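Down below is the structure, laid out as structure tokens.
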Amino acid sequence: MSALQKKVMLYAIALAYVVTFAVGIFLALLDESLTGREIASAIGLNLVASAIFATFFALIATRSQDQTVQATLRESFAAMSDQVIDRAFQANSTYLPQRTYPATTGFDPVFNRDMQQAMAGSTFYACSGPNPWYVPARLRESDNPPDQVVVRMISPAFDKAVRRRVADRRLLPRLRGVPMEEMIRDYRDSLLTALVALFDCRDICPIDVVFAEESAVTRHEICDNGVFIAWYRGPDSQTKTFPHALRFSSDALLYKTLRLDILRAREIADRVLTFRAATTETDLIAALATCTGDILDHDDIARRRSKYATEAAAFVRHLRSLN
């Protein structure tokens, strides 16, 4: 309320009091039979009545005003709480994970069920991490495989990256006491075996493999509806076979940046392995020699194909048990 409005209201109230007071005195003086005592008595009775009326009016008005104020406050708080919830939801979907998965020594049915369901409902799938060992099995066991797959991994030829990843794995109970050079040899062999297994999935969907010389402290798997991030330095991750993981929705900032990052990596990569339905083993051997420097023959391919089928069998059985 402005100052002018307050002044007008005060003038109106004062004028009403003056007019009422003057009219009352005028009406009282019209009766010449009234004495001063009678007039004073009447004024006193009216004052008492006014006081009683004012008391009841104040009680009723105060209660009514309290109810009005409470209703107004409830409406205001409801509106504010809705705004806070909306903003918290937006912040949650943009910056916070939808779900977290603890590090485990064995296959986590909750994580793998969520992962397989996300893959089945996606036309695009990307995996970026040190070793895509479980990707071929996931593709084979998917109810509805994606239309496009992009894999970014450590190249067997990147000796420093391979050694760094092996050094991170040395705390795993099953690798304690194993000589470093033996672990490096086995890990490089597993990378080549995973590549052969990916090649064997070329009949499912087109697959692009990008080699990245990176630290590989995380693994992220991207689908249309979200991203699963495994953090190798997470709680208990260094001593567990499967690291701590988080899931973010497709609305999350992290999802958008990681998806764009892996697509850009494929775009600017000097060498990309492309597996299509028409790709032959001879093409694979030539591509591996060019990209990794490893000279394989058809017998090596067959041996690695058999090795993957044997070592991934337990994971395949686990995925089938989730249905």
It is to be established whether one or more residues within the range 299-312 are more than 30 Å from the chain's Cα centre (by Cα), touching a residue at least 12 places away in the same chain (Cβ under 8 Å) and under 18 Å from Thr104 (Cα atoms).
yes
Over the range 306-318, the set of residues open to solvent by less than 80 Å² (accessible area, probe 1.4 Å) and either of a type in the set (Ser, Thr, Tyr) or in contact with a Ser or Thr (Cβ under 9 Å, 6 or more places away or on another chain) (or both) is Ser306, Lys307, Tyr308
If you check every pair at least six apart or on different chains, which have Cβ atoms under 7 Å apart with a residue in the range 152-176 that is small (Gly, Ala, Ser) first and a residue that is exposed (fewer than 13 other Cβ atoms within 10 Å of the Cβ) second?
Ala157/Gly293; Ala161/Glu213
Kindly indicate whether Glu213 is charged (D, E, K, R) and open to solvent by 60 Å² or more (accessible area, probe 1.4 Å).
yes
Just to be sure, is Phe211 at pLDDT below 95 and touching a Cys at 6+ places or on another chain (Cβ under 7 Å)?
yes
Hand me the list of strands (runs of 3 or more DSSP E) wholly inside the range 114-232 holding 2 or more residues that are closer than 18 Å to Cys291 by Cβ.
124-128, 148-153, 207-211
Could you check, for the range 260-278, whether at least one of its residues is under 22 Å from Leu139 (Cα atoms), in contact with a helix residue (DSSP H, G or I) (Cβ under 7 Å, 6 or more places away or on another chain) and at pLDDT 95 or above?
yes
Considering only residues that are farther than 17 Å from Ala216 by Cβ and open to solvent by less than 50 Å² (accessible area, probe 1.4 Å), look in the range 149-191 and name the one that is farthest from the chain's Cα centre (by Cα).
Val178
Scanning the range 263-275 for residues that are of a type outside the set (Asp, Glu) and assigned to a loop (DSSP other than H, G, I, E, B), the one surrounded by the most Cβ atoms within 10 Å (Cβ to Cβ) turns out to be Ala269
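The values are calculated or read from the model by the stated rules, or taken from the named source; none is laboratory data. No experiment lies behind these values; they were computed from the predicted model shown. Don't worry about glycine lacking a Cβ; one is built from the backbone with ideal geometry, like all the others, and counts go over all protein chains shown. The protein model used for the area step is the full one, side chains on, heavy atoms only, and it has no ligands, DNA or RNA in it. Shrake-Rupley method; radii C 1.70, N 1.55, O 1.52, S 1.80 Å.
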